[in-house]
Structures are given as structure tokens and as C-alpha cells.
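Following: one structure in C-alpha cells, then a few remarks.
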Amino acid sequence: MLRALRVLAVLFGAGSIAVLPAHAATVIHKDRDPDILWKLVHQKCAAGLKPCTVYDQGHGFALLHSIEGRGQYLLIPTDKVTGMESVALLREDAPNYFAQAWTYRTRVATDYGQEIPETMLSLAINSSKGRSQNQLHIHLDCIDPSVRALLDRYADRIGPSWSYLPEPINGHAYRALYLATLNGSPFRILAASLAQPEREMGDHTLVLAPLGRGYALLDDVAHDDDRASGEEIQDHACHGLLSQEAHTPNAH
């Protein structure tokens, strides 16, 4: 109930691109309606009403501030794209949603009022079985400190070919791939490793996190009691940042 009461609505002028200042960021709450994100973007944001912090029709995406976490954002297509299972993601001309989401990473730090190292940030999209909404949305937020430590620990084993991490994450077996840049779509990169991507993609989740001079792309697939929710790798309370503050000499 308290979360629901915190939902705010912010109006902004119509246009092909609308941007709100960081301090005016709107938060949204994903309630029981599985189409609430699509309704917000298609019916409200597209009309210049609410609640996007960024609405860019030209590049095909909107950015919303989530109520789940002080600094969590959701990047959402302005076109109807259900999620991982959408064949539209495999087209050569499809927007690179992961790259677009990563360009807004500094907004997380803005919401916390201090700098956050990029290594503490991540992007995640859940599988069709591990999500609550039927509109594609990429989560931008802090990464769980234990996962960050795991990636650093096995950085030399994460290369240009898919391989399973030596340790599970929350009991789930993730495989990893090193990306030197974000020029290629992670969706198409995953699809290239699957026998029948049009049928298999929906069962997969993807997570992106900085690693060395590039990025680690993580993949898990739903089965048994694993719903393949890559969001589990994220930390919506950004405990890594709070822990860092506690160890800073001048921290209060």
C-alpha cells in the first residue's frame, strides 16, 4: 500500500524527445496489470502526459524511473515488443536497446546523490517465465556485490565464446561471454548460439555488467524451479554503494 501511494505523475511537453531533469524523475509501480508498462508508454508518455523521464520516439524507446529501488530505471520500446521471445529483436534494423539503456547509467548515481563506479552497475532483462510485464523492459540498476566479486574472480575465464561460470548464482547456472563493445545487439548474440532462437529465446534471461575494458554478458535459461530472472543479479538497494560509504574515512 505504501509503495502504491508513492506513485507520482509528472507532466511534460509533447515532442519527439522529452526529457525531465533528474531531480524530477517519476517513479512507477508495476501492479498486477501485466500491460501497465505498455499503457504508460503508449497511452500516456506518447501523448506527452506522464510518467517518462525520457521519451524518444525517433530512437524508439522510453525511460521510466521504477518505484522498486531508489535508482532503478526501465528502458522500454515505444513499439509493442513483448519481451525476450519477440522475433522483432532479431531483425538487423532492431534498436540496440541494451546500448541505449547503458547510456543512461549516470542517472542511477544522480538518484543516490554521489558517484557510482560503472562496475557497480548492470542491465538485466527477464525471461518470459520470470517477468511480470508483457512489454519488453530492461532494468538498469546496481549489481549485487557478491555477483560483482564473482565476475571479477573469474574474469580471466570469461572470453569471446560462451562458457558456464564456475560457480552458480543463487543456485542457477549462468553462462558468460565477453563483449569488447556494445555495438552488437545482445539479443542477436544470444540468438546466434541457439538452435531455434525463434522458439528458445523466450526462456532465456540476459544480464550485462562491465568487465575489464568491456562487458560480461550473462545468460540463464528457465527450467524446473529456475524462472530465469536475471534481475536477481541486481541489487535495488545498492548495498555495494552503502558498504563503500561505510568504509570511507569521512563517512557519517
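Solvent exposure of LEU194, expressed as accessible area, is near 20 Å², computed with a probe of 1.4 Å over the protein chains only.
Calculated FRET efficiency, ASN96 to TYR154, Cβ-Cβ distance, R0 = 35 Å: about 0.85 to the nearest 0.05. Rounded to whole numbers, the Karplus 3J(HN,Hα) couplings from phi for segment 215-221 are 9, 9, 9, 10, 9, 9, 10 Hz, using 6.51 cos²θ - 1.76 cosθ + 1.60 with θ = phi - 60°, and x at Gly and Pro. Considering only alpha-carbon pairs that sit under 8 angstrom and 6 or more positions apart, the relative contact order computed for segment 131-186 is 25 percent.
Taking all protein chains together and a 1.4 Å probe, the residues ILE67, ILE189 rank ILE189, ILE67 from largest to smallest accessible area.
Above 19 Å, the calculated P(r) of segment 90-144 contains 39 percent of its Cα-Cα pairs.
Going by accessible surface with a 1.4 Å probe and the largest first, TYR154, TYR97 read TYR154, TYR97. Each other residue within a Cβ distance under 13 Å of LEU121 adds +1 if Lys or Arg and -1 if Asp or Glu, for a net charge of -3.
Using r as the Cβ-Cβ distance of HIS223 and TYR112, and R0 as 30 Å, what FRET efficiency do you calculate, to the nearest 0.05? Calculated transfer efficiency: 0.25.
Using a 1.4 angstrom probe on the protein heavy atoms only, could you order TRP102, TRP162 from most to least accessible area?
TRP162, TRP102
Measuring r between the beta carbons of ASN183 and ALA237 and using R0 = 35 Å, the FRET efficiency lands at 0.60. Within segment 37-110, the percentage of alpha carbon pairs spaced more than 18 angstrom apart rounds to 40%. Overall, segment 102-252 carries a charge dipole of about 400 debye about its Cα centre when +1 sits on the Cβ of Lys and Arg and -1 on the Cβ of Asp and Glu, all other atoms neutral.
The values are calculated or read from the model by the stated rules, or taken from the named source; none is laboratory data. Note that this is a predicted model, so its numbers are computed, not measured. Please note: Cβ atoms are built from the backbone with ideal geometry, for glycine as well, and neighbour counts cover all protein chains shown. Heavy atoms of the whole protein, side chains included, go into the accessibility calculation; ligands, DNA and RNA do not. Shrake-Rupley method; radii C 1.70, N 1.55, O 1.52, S 1.80 Å.
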